[in-house]
Amino acid sequence: MNSARSLLNQTPAEWCRRNPPVELRLPEIQALGLQLLIKREDRLHPSLSGNKLYKLHGHLQRARKRQADLLVSFGGAWSNHLYALACAGQALGIATLGIVRGQRPARLSATLSDCARRGMQLVFVSRSDYRRQSDAAWVAQCLAGVTRARSPYVIPEGGGGAAGLQGCAALMPALRQQLGGLNDVTVCVACGTGTTLAGMLRHSLPHERLLGFAALKLGAGREAYREQIERWAGTAVEKTRWQLVDDFHCGGFAKTTPGLIDFMLDFERRTGVPLDPVYTGKLVFGVLQLARQGHWRADERILVVHSGGLQGRRGHPALLAPAEETVTGGGA
Ligand SMILES: *Cc1c(COP(=O)(O)O)cnc(C)c1O
């Protein structure tokens, strides 16, 4: 296991090389003539795992160039993004501040406790104020009262935005190389803000196929969400190259159903791969459902990107702790 600091000094292309896709042999998938592969970005590092590290890359580069003395971002009580940011800030020796949605609870969530332990200053704001996060004047005012930092660098919620896309650029070229081309492959990824998918799409080729599984209920906002991803990805991406799947949100963002939790426990028992309840659980649940519904033809390969987020399992008692290696460290 590399230290967080040495990982942060490497490039996203180097991160991509560490965990090439592995096959998951599930009899029901094999019976359909399909091959299921998974790229385990959850294994990069126990606290900087998954796409949050990729998304922080561009932001951290900008912040260092500007000699920022404070990294500021936003999130909820179980935010994978704040968790990764606190770890990165500690490793780089840059102070961090998290603006957290909702009142300060009597007892901090395990995620926020870890953030605080890593030195992140936590500022709680009401849910209505939290929605003002893209209002720079409001953020400045919010910071003025709680920090004396001279040069704060503000990262959008979830590490999104143009700088967030940057680090995700390495993923498609790496997959292409690791799988010997992506001709018969559908690349499946979980979507929150859609930044990761957009970054991957941006670096995809016309014949390649991507499927984004929304972790939130899009409803009437579906078209606007699609368009945002398209804008981030760049104009050259035609509609046939990717699809958005929004049938597997299980009631909405961070909502779960007993069926989803049962599925995750069963999948973990059969494959040894732990999933998170907000993103990757719904992604894999959706992928296997689509396979059963005949979405893919025999001989196709399905590649699932495991984007991490395992620390968030702690918010769900039914999931208990996953395999030690992935959350507390010690694995390869
Ligand atoms: C944040 C997150 C996502 C969603 O990434 P976006 O770039 O916001 O779409 C997916 N999986 C995990 C584990 C995450 O933490």
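Some values worked out for this structure:
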{"item": "Matching residues in segment 212-241 - criterion: being open to solvent by less than 30 Å² (accessible area, probe 1.4 Å) and in contact with a Ser or Thr (Cβ under 8 Å, 6 or more places away or on another chain)", "result": "Val237, Arg241"}
{"item": "Qualifying residue in segment 18-38 (condition: open to solvent by 50 Å² or more (accessible area, probe 1.4 Å), farther than 16 Å from Tyr279 by Cβ, modelled with pLDDT of 95 or more and in contact with a Ser or Thr (Cβ under 7 Å, 6 or more places away or on another chain))", "result": "no"}
{"item": "Residues of segment 272-297 that turn out to be open to solvent by less than 40 Å² (accessible area, probe 1.4 Å) and outside any loop (DSSP other than H, G, I, E, B), as a count", "result": "10"}
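Rundown of residues vs (1) open to solvent by less than 10 Å² (accessible area, probe 1.4 Å); (2) closer than 23 Å to Arg231 by Cα; (3) within 12 Å of the ligand (Cβ to nearest atom); (4) of a type outside the set (Lys, Arg), yes/no style:
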position	(1), (2), (3), (4)
Gly161	no, yes, yes, yes
Cys168	yes, yes, yes, yes
Met172	yes, yes, no, yes
Gln178	no, no, no, yes
Gly181	no, no, no, yes
Val189	yes, yes, yes, yes
Gly194	yes, yes, yes, yes
Gly199	yes, yes, yes, yes
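A quick yes/no check of all residues on (1) modelled with pLDDT of 95 or more; (2) of a type in the set (Gly, Ala, Ser):
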| residue | (1), (2) |
| --- | --- |
| Thr271 | yes, no |
| Asp276 | yes, no |
| Gln289 | yes, no |
| Leu303 | yes, no |
| Gly315 | no, yes |
| Thr328 | no, no |
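The values are calculated or read from the model by the stated rules, or taken from the named source; none is laboratory data. Note that the structure is predicted; figures quoted are calculated from it, not measured. Positions of Cβ are backbone-derived with ideal geometry, glycine not excepted, and every protein chain shown enters the neighbour counts. Side chains included, ligands, DNA and RNA excluded: accessible areas come from the protein's heavy atoms. Shrake-Rupley method; radii C 1.70, N 1.55, O 1.52, S 1.80 Å.
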